[in-house]
Amino acid sequence: MTKGKINVSVDNIFPLIKKFLYSDHEIFLRELISNASDATLKLKHLHKLGEAKIDYGSPKIEVKIDKKAGKLHVIDQGLGMTKEEVEKYINEVAFSGAEEFLDQYKDKLEDSGIIGHFGLGFYSAFMVSEKVEIKTKSYKNEPAVHWSCDGSPEFSLEECDKQDRGTEIILHLDKDSKEFLEETRIKTLLNKYNKFMPVPIKFGTKVETLPLPEGAAKDAKPETKTVDNIINNTNPAWTIPPAELKDEDYKAFYRELYPMQFEAPLFQIHLNVDYPFNLTGILYFPKLNNELNLQKDRIQLYQNQVFVTDNVEGIVPEFLTMLRGVIDSPDIPLNVSRSYLQADGAVKKISSYISRKVADKLQAMFKEDRSAFENKWNDIKIVIEYGMLSDDKFNEKADKFALYPTVAEDYFTLEEFKNKVKDHQTDKNDKLVLLYASNVEEQHGYIEQAKIKGYEVLLLDSPIVSHVIQKLEASNEKLSFVRIDSDHIDNLIKKDDTVISKLSDDEKTNFEALLKKQISEDQYAVQLEAMDSSAPPFLITQPEFMRRMKEMQQTGGGGGMFGMGNLPEMYNLVVNVNHELIGKILSTKTADKQQRLIKQGVDLARLSQGLLKGEELTGFISRSYELIK
Ligand code: ADP
Ligand code: MG
């Protein structure tokens, strides 16, 4: 038997390992299973090359709880280790790896991002154990060995009688780690980290009911059989070539990834590159409607089929973090901080590759079946718009497939739409004015006014669209977007044909004075306009600029020029002096009745903007009943 001292410069590395992020203690199991899987795949490789003259069989990894003895076993049928290899890989290599890792880790405790996910390897077993044993037999014809270490730098190493090829790691769990003797705890961990690992992992057994043989009697009892409980799918969809997968396979894999998601994804993008970096994965577009923040069921990051994290910030472009799915890459450095990760050249390339692939896929879908793409638009627009705002390269490509639906549900690209309306909707200053609504129901009256003029109205209702149109205007000074209720229609698209006022200047002044008795100036800015007599007499509008800035402020960024304070709501009261009612009010004899008519008129305008509420609405309704009595 060999007794030895692990050759380290810091004697207190074990206490350090124990202190290592408490919440991350659970990763020891992933590390041990990864090693078992590596050992199995290495043997498979050697076998294929003809270098290991063995019966490879169908090896699996087993995780076993021995509750009575307080032990947890991880057993593999991989290539095993000889005595020399244990000395080299466990006592020297693994240990120096752990030491190096902790050294690096010490000053970065505050950075709880991705760091800590990888790197500690075999020695992470000491985070949860008072003693760790290894029993291992190499595929080479050499005696099995038993290594044992109680958490001090001293270890023992001796021959033992293990018969089968492979390695068994035995953890004597310490008193703070008894949770890992619970079956449900281990099950949860296996499901989180090892669900898609390439070697079958057995955890206990289960009873399977066999199908009844053909022609069996009606009351025959089906036979049952006890089989290994294999917890993983060794061939997840992302590892299969895209050409071999059907849409159903992708959908089935989505359900496997997110068992609690009942709604099927809209479509998916299979990522698959091996140069200049290695990356596979599947990104799903879920139905997003107008949701902005989705915290659960996020994209999962794997390294060679081992789960690492579901925080892919910095690796996947930000606008795509709203998607679901997996990415798997051995080329993402993981034991570094987030800020380092974001600056890393390889990671940047990965991120821009993903962005490009998504843009190409959207473009192809648009080309292949435009109407199907149009049908999906409302469920995916938020991702695309977010991409247009945050990713310049994506923005360039999005020109070709970003859609602008009209209130009549026709879908155009911006270019198409501009061409369609340019003759009729260019104003006298040569600006092309694109009218839009944000809600067909609430802005119905305003949309009708535009229709009378023969204008097209877009329906732009995503929560971030104000940022998008701001950006589009910034890159094209001859283009302007105005919401349909931001002024009266003749002002939205100013043409040369001025309507002649039916009221004299004196009459206008008179009317304004009457109006001021009813409404205060800080409530509405009054605007007397000569419009078509068919246009409404009173109209409440909300100027585009202030409203848009306010919206941008609410969804982040953009409105920053106003500081953090909340912007006020601003409304105008437009009076159409050419409407019959205005003339009638002016010629009404009693001041009392004049005021009643004005109040009723203004309230109707407020009602149509959804601004009449509470006590004022109640008052308006009882007055209206009086009128029709
Ligand atoms: P890494 O896996 O990154 O190499 P570890 O600390 O996890 O680092 O493991 C150190 C080394 O110990 C491995 O590279 C391998 O040579 C050896 N090893 C660990 N576990 C096993 C195992 N189950 N079977 C065979 N070799 C193992
Ligand atoms: Mg390892």
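The values are calculated or read from the model by the stated rules, or taken from the named source; none is laboratory data. Just so it is clear, the model here is predicted, and its values are computed rather than measured. Quick reminder, even Gly has a Cβ in these numbers, built from the backbone with ideal geometry, and neighbours come from all protein chains shown.
Identify, by number, the condition in (1) farther than 21 Å from Ile33 by Cβ; (2) among the hydrophobic types (A, V, I, L, M, F, W, C); (3) not assigned by TED's automatic domain parsing to the domain that holds Ser138 that Ile230 doesn't meet.
Only one criterion is unmet by Ile230, namely (1).
Counting just the residues of the stretch 472-505 that are loosely packed, with under 15 Cβ neighbours inside 10 Å and touching a residue at least 24 places away in the same chain (Cβ under 8 Å), which one comes out nearest to Asn578 (Cα to Cα)?
The first filter runs over the stretch 472-505 and keeps only residues loosely packed, with under 15 Cβ neighbours inside 10 Å, leaving 474-478, 494-498, 500, 504-505.
When the remaining residues are screened for being touching a residue at least 24 places away in the same chain (Cβ under 8 Å), the result is 478, 494-496, 498, 500.
Details: Lys478: 32, Lys494: 18, Lys495: 18, Asp496: 18, Thr498: 13, Ile500: 8 Å.
Applying the filter and picking the extreme gives Ile500.
Those residues that are in contact with a Lys or Arg (Cβ under 9 Å, 6 or more places away or on another chain) and within 9 Å of ligand 2 (Cβ to nearest atom), I need them from the stretch 24-41; list them, please.
none
Answer yes or no as to whether Ala94 is under 40 Å from the mean Cα position of the chain (by Cα), crowded, with 18+ Cβ neighbours inside 10 Å, within 8 Å of ligand 1 (Cβ to nearest atom) and modelled with pLDDT under 95.
Numbers: under 40 Å from the mean Cα position of the chain (by Cα): yes; crowded, with 18+ Cβ neighbours inside 10 Å: yes; within 8 Å of ligand 1 (Cβ to nearest atom): yes; modelled with pLDDT under 95: yes.
Yes, satisfied.
When you go through Glu179, Glu158, Glu168 one by one, which is the residue that is modelled with pLDDT of 95 or more and within 15 Å of ligand 1 (Cβ to nearest atom)? Steps first, please.
Numbers: Glu179 fails: within 15 Å of ligand 1 (Cβ to nearest atom); Glu158 fails: within 15 Å of ligand 1 (Cβ to nearest atom).
Criteria check complete, one pass: Glu168.
With the structure loaded, tell me whether Asp76 is within 16 Å of ligand 2 (Cβ to nearest atom), at pLDDT 95 or above and in contact with a strand residue (DSSP E or B) (Cβ under 8 Å, 6 or more places away or on another chain) or whether it fails that test. Talk me through it step by step, then tell me what you get.
Numbers: within 16 Å of ligand 2 (Cβ to nearest atom): yes; at pLDDT 95 or above: yes; in contact with a strand residue (DSSP E or B) (Cβ under 8 Å, 6 or more places away or on another chain): yes.
Yes, satisfied.
Based on this model, can you work out whether Ser438 counts as surrounded by 14 or more Cβ atoms within 10 Å (Cβ to Cβ), of a type in the set (S, T, N, Q) and not assigned by TED's automatic domain parsing to the domain that holds Leu479? Break it down into steps so the answer makes sense when it comes.
Details: surrounded by 14 or more Cβ atoms within 10 Å (Cβ to Cβ): yes; of a type in the set (S, T, N, Q): yes; not assigned by TED's automatic domain parsing to the domain that holds Leu479: no.
So Ser438 does not fit the description; no.
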